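A.B. asks: Please see the structure below; I have some questions.
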Amino acid sequence: MFCRTVVDIQNDACMTNIEGEFPPPTLFRQPLYALSISHLRSLERFDSEIVEHLTHTFLTTENLPIGSEIRRLVQVYLSDYEESFGKINARDAVYNKEMTFSRHPICAYRLTRRVTFLLQDLLSHELTYWPLQKLFDSLRHYENTNTNFGSRFLETVHNFSQQGWPNIENLETWAEKILRLQYVYNLEVNQLADGWVSTVPSNCTLHSFHCYEIAWVAMTTDQFASAIEWLELAKERASVDQKSSVVFIEFSLRNAIKNHNFGFDDVIKMEQGPWFFNRLITFVPGDSKNATKLRDLQYKAFKGNKQKMYSRINYFGLCSGDHLQTEREKAMLFCWNEFKIHPSYVIGPVKMEFLSQHPDIIQMYDILSEEEMGSIISESDDRLEPASSTFVGYNTASFSHHISQTSYHRSLVNSHGSFSKGRDLERKLERLTGLVVQGAVSEDLATASYSAGGHLHPHFDNHKYSGKLDSEKSPMITATFYLNDVELGGATVYTSAGVAASPVKGSLTLWFNIFNDGSVDFDSYHGGCPVLIGEKIVGNVWTNYEYQFSGKCGLQPMEKYRFPVNNEYLPKRKK
Ligand SMILES: O=C(O)CCC(=O)C(=O)O
Ligand SMILES: [Fe+2]
C-alpha cells in the first residue's frame, strides 16, 4: 500500500486502504504501465488528452465556478502537468509536445502518479464518488450524461478505462526503478529529485512528498541507506515547499535509522549487503551525509574479482562504464571484417568485434534490417507479459536480498511465441556460427523489453524449463540481438569477463555458455544494466548443446569454445 502524501499517511483511513475508494476494476486485464513502453505511451497520450479537455473546460468558467472544489482539482492536475514542462502553460505544452515522459524515469513516475491519484480525485468528485466499476458501467450511456466536462471527456476516460487503470502497484514499481537507477549507477538523490538522470537534465522534479514515497518503497524493500537518503531529502524539501509535515518525516527517518542500525554489523560489514552505510547512523540531523555507503567501499575493494559472489559489484561498475579487463586482456581485442565464415559474406563481409577473448564474446554489427527489427518489435507488443523467473533462469542467480526478489522480474517484459521474422534470424545465425539453429535445437526467439529503470540481474542462461542449472539443457550459445537504440544505459555486461556490450541497434552479441565438455562456464555470467533513459528491446536466441555435440568431447575437459577469425583460431593466451 502506498499513500499519496505524508499528510495522508497520518490518516487512518489511508492506512486501511486507499484503493478502497476505487476498487480495482477486476473486469479489465492488468496493464503494464511501469514495464511496457507501449503501455506507458498510451498512458502519456491519455494524460495529454485529459489536459486538452481540462484546459478547454477551464476556459468556460461557468462549468467550473471560481472557488469550487472541482476547479481546485482541475488546477491541481494542470499544474502537476505544467511542472513537467518547466512551468510553461498547459495549453501550450499539450500542443508542443512529443512523447517525452515515457522515456524518462522521473517524468514517468510523475505521469503515473498524476493519473493514479489526481485524475481519480477529479473523477470521484465529478462523478459523485462512484466506484470506478460502476462509473464505467454507466458510461455506456455517457451520451446522455451531463457533466462539467462534457461527454467527450467521459468518452476519453471510458475508452482509456477499457485498457485498464494505472494503480498503486505501477507507482511502486516506478519508485523501485528509480531506486535501482540510484543504486546501480550511484546517482545523487538530490540530482534525481531535480530531474537529472545521470548527465541528462529534465523538467520533471520531485517534491517532498514524492521523495517520501520513494523512501517508503526503499524501506519496504530493506534498502536502508537509500531510505535514509530520501527521507533526509524529503525533510529538506518539506521545509521549503511546505507540502508535507516535517515532524512526520522526522519520525519516519528515526524509524529508518533504527532499522538500519539494527541490521548493521561492524565486524562483518564488508560481507554485508551494499544497502547499508559503513557505520551506525546517529539521530543527529544529517549524520548519514558524513557516512560512506558500503556499496562504494565494497566496489573499491572487490571490483574485478571474478568470483560469483562479487558479480553484483562488477555489475555496478560495468554498467556505469568502468572497464574491468586487465591491460593484457584489452590488448587482445580488435575488430575485423569477416568474409570466410559463410560464402554469402565473401562480397559483403560482416563487421565483427572481440569484446573479450577467452572467454570469446563477440559483437557483430549491421546484422538486422529495419524491416526485421520493426516486425519483431510490433509483434512483441501484442504479447507482452512480465518476465517470469523460470524463463530467464533467475533461480540460478545469486541473491539474498528482498530487493532482488521483488524487483527482479518486475522490471522488464518478455514476449515469446513464434515471430514471422524468427526464421530469418535463425538462418542468419546459422550462417554466422556454422551451428544448427533452426528447428527444435533452439528456443524460439524471445524478446525482452525494458523501459527506463528496467534491468536483468546477472545470471546464467539456463534452459527455461529446468529448475536447476543443468549443462545438458544449458544453451551452448546465446545470441542477443539489439532491436532499437537505447538513449542511455542498458548495456549487457559480463561480470566475470569484465566487459560491457553497448546495445547498438541492428547488432548482436554472441557468447558460449558452456565448456567443450558441456559443463557450465562461469565466464558466461551476464546481466542487462538498467536503462537510464529510453527503452531497450532485445531478441534472444538460445541454441542448445545437447543437439549439437552429443557424443563429442574435446582433448581436455573444460576447454573454452573459440570463435575463428576468417577461418583461423587465434593462438591461445598464455596463462
Ligand atoms: O538484455 C540484455 O542485455 C541481456 C538479456 C539476457 O541476458 C537474457 O534475456 O537472458
Ligand atoms: Fe541472459
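A.B. asks: Would you mind checking which residues have amide H under 5 Å from LEU368's amide H? H placed 1.01 Å from N; only 5 or more apart, or other chain.
C.D. replies: So LEU368 has HN proximity to no qualifying residue.
A.B. asks: Still on this model: Once Rh for the range 278-322 is found with the Kirkwood sum over Cα pairs, what is the Stokes-Einstein diffusion coefficient at 20 °C and 1.002 mPa s, in µm²/s?
C.D. replies: Using the Kirkwood radius from Cα pairs, D works out to 180 µm²/s.
A.B. asks: Percent relative contact order of the range 248-336, based on C-alpha pairs within less than 8 angstrom and at least six residues apart?
C.D. replies: With pairs under 8 Å counted, the relative contact order is 18 percent.
A.B. asks: List, in order, the whole-Hz ³J(HN,Hα) value for each residue of the range 270-282 obtained from phi through the Karplus relation with A = 6.51, B = -1.76, C = 1.60 and θ = phi - 60°; use x for Gly and Pro.
C.D. replies: So the J values, rounded to whole Hz, are 6, 9, 7, x, x, 8, 10, 7, 7, 7, 5, 9, 8.
A.B. asks: Show me 269-279, 223-233 ranked by packing, highest mean number of other Cβ atoms within 10 Å first.
C.D. replies: Packing proxy ranking, top to bottom: 223-233, 269-279.
A.B. asks: Per residue of the range 379-385, what does 6.51 cos²θ - 1.76 cosθ + 1.60 with θ = phi - 60° give for ³J(HN,Hα)? Whole Hz please, x for Gly and Pro, Karplus curve as stated.
C.D. replies: 6, 5, 4, 6, 10, 5, 8
A.B. asks: Can you list residues whose amide H is under 5 Å from VAL565's amide H, if they're 5+ apart or on another chain and H is modeled 1.01 Å from N?
C.D. replies: Under 5 Å from the amide H of VAL565: LEU570.
A.B. asks: For GLU535, what residues show an amide H to amide H distance below 5 Å, using hydrogens built from the backbone and excluding near sequence neighbours?
C.D. replies: GLU487
A.B. asks: Further question on the same structure: Suppose every K and R has +1 on its Cβ and every D and E has -1 on its Cβ; what is the size of the dipole of the range 211-289 about the Cα centre, in Debye to the nearest 20? Before the final figure, lay out each step's value.
C.D. replies: Values: 8 positive and 11 negative charges, 33 e Å.
Dipole magnitude for the range 211-289 comes out near 160 debye.
Computed from the coordinates by the stated procedures, all read-outs in this text should not be read as laboratory data. Treat the numbers as computed from the prediction; the structure is a model and nothing was measured. Neighbour counts are summed over all protein chains in view; Cβ atoms, including those assigned to glycine, are modelled from backbone coordinates with ideal geometry.
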